[in-house]
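Heads up: the structure comes next, in structure tokens.
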Amino acid sequence: MEPVTEREIRASFVNCTKGEAKRLPVPGDLSARPWDDLDFLGWRDPAAPQRAYLVTPSGDGLVGVALRLASSDVGRPRRTMCALCLTTHQGGGVCLMTARKAGRSGQQGNSVGVYLCADLACSLYLRGKKDAGPGGRLHESLTLEEKVERTAAKLDAFLARVTG
């Protein structure tokens, strides 16, 4: 992913108003992000832990979506898998994140969801730059490029559900 600016991030959101996009917290460490290793930029809201944001290149520009984390399951810890990068995590390492649909459908309260790494570091887990713990990455015969393409296709499919 190419480095992006705060202005580009705010302009990319498809499922919130311009006012909401203007007020959402953008990471302050954009210059320090490992852009060469990112397929998308994802972050959690430090002031509202149930909110997260994801921005990714798409076509000629960026597409950003505001996400809401579902309430975590209470009970015994279990291993769950991210639908994008296929990394497994123990306990709360994977969360159901929902995005209000874009346009009129979203205004009517419709949303779509996907299970994602709770820290939105899928790109780093995929490349082995971040450790998910024991059993976090399954051994696959795919090349890194094939894994990245698969993850991008899964992300594109989710975004198509948000914007469609």
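Out of 71, 141, one residue alone is hydroxyl-bearing (Ser, Thr, Tyr) and farther than 30 Å from residue 10 by Cβ. It is 141. Within the option set 148, 114, 162, being in contact with a helix residue (DSSP H, G or I) (Cβ under 9 Å, 6 or more places away or on another chain) and surrounded by fewer than 19 Cβ atoms within 10 Å (Cβ to Cβ) holds for one residue only, 148. Could you please let me know if residue 98 is at pLDDT 95 or above and out of contact with any strand residue (DSSP E or B) (no Cβ under 8 Å at 6 or more places or on another chain)? Here the answer is no, as residue 98 does not meet what is asked.
So which residues in segment 18-45 are outside any loop (DSSP other than H, G, I, E, B) and aliphatic (A, V, I, L, M)? Hits for segment 18-45 are 21, 30, 32, 41. Return only the number of the condition from (1) over 16 Å from residue 55 (Cβ atoms); (2) assigned to a helix (DSSP H, G or I) that residue 135 does not satisfy. Just one mismatch for residue 135, condition (2). Taking into account only those residues within segment 46-83 that are hydroxyl-bearing (Ser, Thr, Tyr) and in a loop (DSSP other than H, G, I, E, B), which is modelled with the lowest pLDDT? If we take residues in segment 46-83 being hydroxyl-bearing (Ser, Thr, Tyr) and in a loop (DSSP other than H, G, I, E, B), then 72 is modelled with the lowest pLDDT. Residues being over 30 Å from residue 136 (Cα atoms) and either free of Cβ contacts under 8 Å to residues at least 40 places away in the same chain or among the hydrophobic types (A, V, I, L, M, F, W, C) (or both) are represented in segment 58-67 by at least one member.
Can you tell me which residues in segment 15-33 are exposed (fewer than 12 other Cβ atoms within 10 Å of the Cβ), of a type outside the set (Ser, Thr, Tyr) and under 26 Å from residue 160 (Cα atoms)? Within segment 15-33, 18, 19, 22, 23 meet the criteria.
Remark: pairs (first residue in segment 104-124, small (Gly, Ala, Ser); second residue buried (at least 20 other Cβ atoms within 10 Å of the Cβ) and assigned to a strand (DSSP E or B); Cβ separation under 7 Å; 6+ apart in sequence or on different chains) = 106/100; 111/99; 111/100; 113/97; 118/94; 118/95. Only one entry of 119, 131, 60 meets the criterion of being over 23 Å from residue 17 (Cα atoms), loosely packed, with under 12 Cβ neighbours inside 10 Å and not polar (S, T, N, Q), and that entry is 131. Does any residue of segment 95-107 turn out to be of a type in the set (A, V, I, L, M, F, W, C), in a loop (DSSP other than H, G, I, E, B) and either touching a helix residue (DSSP H, G or I) at 6+ places or on another chain (Cβ under 8 Å) or over 25 Å from residue 144 (Cα atoms) (or both)? Within segment 95-107 (the criterion being of a type in the set (A, V, I, L, M, F, W, C), in a loop (DSSP other than H, G, I, E, B) and either touching a helix residue (DSSP H, G or I) at 6+ places or on another chain (Cβ under 8 Å) or over 25 Å from residue 144 (Cα atoms) (or both)), the answer is yes, since at least one residue qualifies.
In summary, residue 16 fulfils each of the numbered conditions (1) farther than 25 Å from residue 133 by Cα; (2) touching a Lys or Arg at 6+ places or on another chain (Cβ under 6 Å); (3) at pLDDT below 95 with the single exception of condition (2). The set of residues in segment 41-51 that are in contact (Cβ under 8 Å) with a residue 12 or more places away in the chain and either in contact with a Gly (Cβ under 7 Å, 6 or more places away or on another chain) or surrounded by fewer than 17 Cβ atoms within 10 Å (Cβ to Cβ) (or both) comprises 45, 46, 47, 49, 50.
The values are calculated or read from the model by the stated rules, or taken from the named source; none is laboratory data. Since the structure is predicted, the reported quantities are computational estimates derived from the model, not experimental observations. Cβ coordinates were reconstructed from backbone atoms using ideal geometry, including for glycine residues, and neighbour counts include every protein chain displayed.
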